Amino acid sequence: MNRIQKFFTSILPAQSAKSMEADSRQWFMKCMECGFEESYWDLGGIRWKAAGNSRNLRKCPNCGKRSWHQTYKKETDDPEDPMQAPDS
Ligand SMILES: [Zn+2]
C-alpha cells in the first residue's frame, strides 16, 4: 500500500476501508495496444463509488508504448458481497 492508500485505510472505519479496497480492485486499466491490464489498487490508486469509463494516455508497463488505457470496472463474483452469498 502506498501513502494515500494507507491514509484512507487509517482514517476510515474498517468496513469502509474494505469496501474502498474492494471497489478499487474492481477497476482496471487496460492497454489498448497489447491488452495488458492492471488493477487501480495495484497501481496505487483509489477509485471508489465511481462510475463510467475513461481513457488515459500513459506508458504501458508491458509493451512500453505510450498508449491509451481504458479504465473500466470488472464485475467479479465477490465472495464478500452479501447479495451473492449462497446462504443469505
Ligand atoms: Zn501495452
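The values are calculated or read from the model by the stated rules, or taken from the named source; none is laboratory data. Here the structure is a predicted model, which is why all the values come from computation and not from measurement. All Cβ positions, glycine included, derive from the backbone under ideal geometry; neighbour counts span all protein chains shown.
Tell me, which residue of segment 66-82 that is more than 16 Å from the ligand (Cβ to nearest atom) and in contact with a strand residue (DSSP E or B) (Cβ under 7 Å, 6 or more places away or on another chain) is modelled with the highest pLDDT? If you could, list the steps in order and put the result at the bottom.
Residues of segment 66-82 that are more than 16 Å from the ligand (Cβ to nearest atom), as a first pass: 73-82.
Then drop every residue that is not in contact with a strand residue (DSSP E or B) (Cβ under 7 Å, 6 or more places away or on another chain), which leaves 73-74.
Numbers: LYS73: 88, LYS74: 85.
Only one residue tops the list, namely LYS73.
Pairs linking a residue in segment 51-70 that is closer than 11 Å to GLY35 by Cβ to a residue that is of a type in the set (Ser, Thr, Tyr) and near the ligand (Cβ under 10 Å from one of its atoms), with Cβ atoms under 9 Å and 6 or more positions apart or on different chains, are CYS60/SER67.
Every listed requirement among (1) surrounded by 11 or more Cβ atoms within 10 Å (Cβ to Cβ); (2) at pLDDT 80 or above is met by TRP48 save one, (2).
Just to check your reading of the model, which residue among CYS31, CYS63 is at pLDDT 90 or above and either surrounded by 15 or more Cβ atoms within 10 Å (Cβ to Cβ) or among the acidic types (Asp, Glu) (or both)? Give the derivation first.
Numbers: CYS63 fails: either surrounded by 15 or more Cβ atoms within 10 Å (Cβ to Cβ) or among the acidic types (Asp, Glu) (or both).
The unique qualifying residue is CYS31.
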